[in-house]
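The values are calculated or read from the model by the stated rules, or taken from the named source; none is laboratory data. Since we're looking at a predicted model, the values are computed, not measured. Here Cβ is always computed from backbone atoms with ideal geometry, including for glycine, and neighbour counts include all displayed protein chains. The accessibility values were calculated without ligands, DNA or RNA, using every heavy atom of the protein model including side chains. Shrake-Rupley method; radii C 1.70, N 1.55, O 1.52, S 1.80 Å.
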Amino acid sequence: AHPKALLITAQSYLTLKEPEKALENLNKIDPSKRDDEVTLTLAQAYNQAGDLRKAEKYLQEYQKAVPDNSVSYLILCTIYVREKQLEKAEAEIRKLIEQKKEDAQIRLLLCKLYLDTKQVEKARAEFERLIREYPEENDYKVAYAEYLFRNKNFDQAKALVDEAIKNSPDSWQLWNHLVEIHLAKGEPDDALRALDAFLNKSVEKGRVEAL
């Protein structure tokens, strides 16, 4: 069979959560005709089958060949978290951040990893570092504020949203966060004042900037 046909069949089996059948097809492909997509699919099949060492091997091979694709870093991170190898998981995210230096959202993945693995102090320190180093980047303030809000740290969350609003005073999303914080604190009058302030500002400028 043609390598492309075998690859497509294998990918279909992975969608159906049948990694053994996927591997049967992938292993029929002549290694000399194996491209990067086959390598990644092999990694995904072994990962799904629970053979993490082989998955790791093919993911590392794919990462060397296609370093700017996020998927290999993220799957390796997931494997290492599953195995409680948190330093290795963190190393994958740091490599990805280094690879995607211009992507503001990618930098938040380290915070997410720390939160997902209950390393709360590290998450807080990383949020604070990002906010300090990128003061104009509202995504970091909002992400940290949402975390603080979920943990009922309303005053800290409000301070961050206030700072974000100074950066983007026309953003309805930010004002909406502020209203939600006031309501959660049992301050309906302040929530209404915030809503009025935003509406008055919008009417004056005749526009609403969507984030």
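With a simple spin-label model that places each label point 7 Å from the Cα along the Cα-to-Cβ direction, the separation between K21 and E136 comes to 5.4 nm. Of the trypsin sites (Lys or Arg not before Pro) found in the stretch 147-183, those in coil by DSSP whose Cβ has at most 12 other Cβ atoms within 10 Å are K152.
When the chain is treated as a GNM with alpha-carbon contacts under 10 Å, the residue of L160, L192, L178 showing the greatest mean-square fluctuation is L192.
Label positions at N176 and R129, each projected 7 Å from the Cα along the C-beta direction, are separated by 3.2 nm.
Among the trypsin sites (Lys or Arg not before Pro) in the stretch 1-94, those located in a DSSP loop and surrounded by at most 10 other Cβ atoms within 10 Å of their own Cβ are K17, K84. For the chain, a Gaussian network of Cα nodes joined below 10 Å ranks I29, I106, I75 by mean-square fluctuation, and the top entry is I29. Residues of the stretch 66-106 with an amide N closer than 15 Å to a point placed 7 Å from the Cα of K112 along the Cα-to-Cβ direction: 70-79, 81, 90, 92-98, 100, 103-106. Of the solvent-accessible surface of the chain, computed with a 1.4 Å probe and all protein chains present, 52% belongs to carbon and sulfur.
Separation of the alpha carbons by more than 21 angstrom is noted, of K33/K100; K112/K185; K64/K100, for K33/K100; K112/K185.
In terms of its C-alpha gyration tensor, the stretch 88-211 has an oblate overall shape, because the principal axis ratio a/c (a ≥ b ≥ c, square roots of the eigenvalues) is not below 1.5 and a/b does not outweigh b/c. Partner aspartates and glutamates whose Cα lies under 12 Å from the Cα of K141, excluding those fewer than 8 positions away in the same chain, are identified as E126, E128, E133, D162, E163.
Annotation: aspartates and glutamates with alpha-carbon distance below 15 angstrom to K201 (same-chain offsets under eight excluded): D170, E209.
Oblate is the label for the stretch 24-92, because a/c, from the alpha-carbon gyration tensor with a ≥ b ≥ c as root eigenvalues, is 1.5 or above and a/b does not exceed b/c. Per residue, the accessible area of the stretch 18-168 comes to 54 Å², computed with a 1.4 Å probe over protein heavy atoms only. The simple spin-label model puts a point 7 Å past each Cα toward its Cβ; for D196 and Q156 those points are separated by 3.2 nm. Judged by the gyration tensor of its Cα atoms, with axes a ≥ b ≥ c, the chain is prolate; a/c meets the 1.5 cut and a/b is the larger of a/b and b/c. Of all stretches in the chain that contain no GluC sites (Glu not before Pro) in a DSSP loop with at most 10 other Cβ atoms within 10 Å, the longest one is 1-101.
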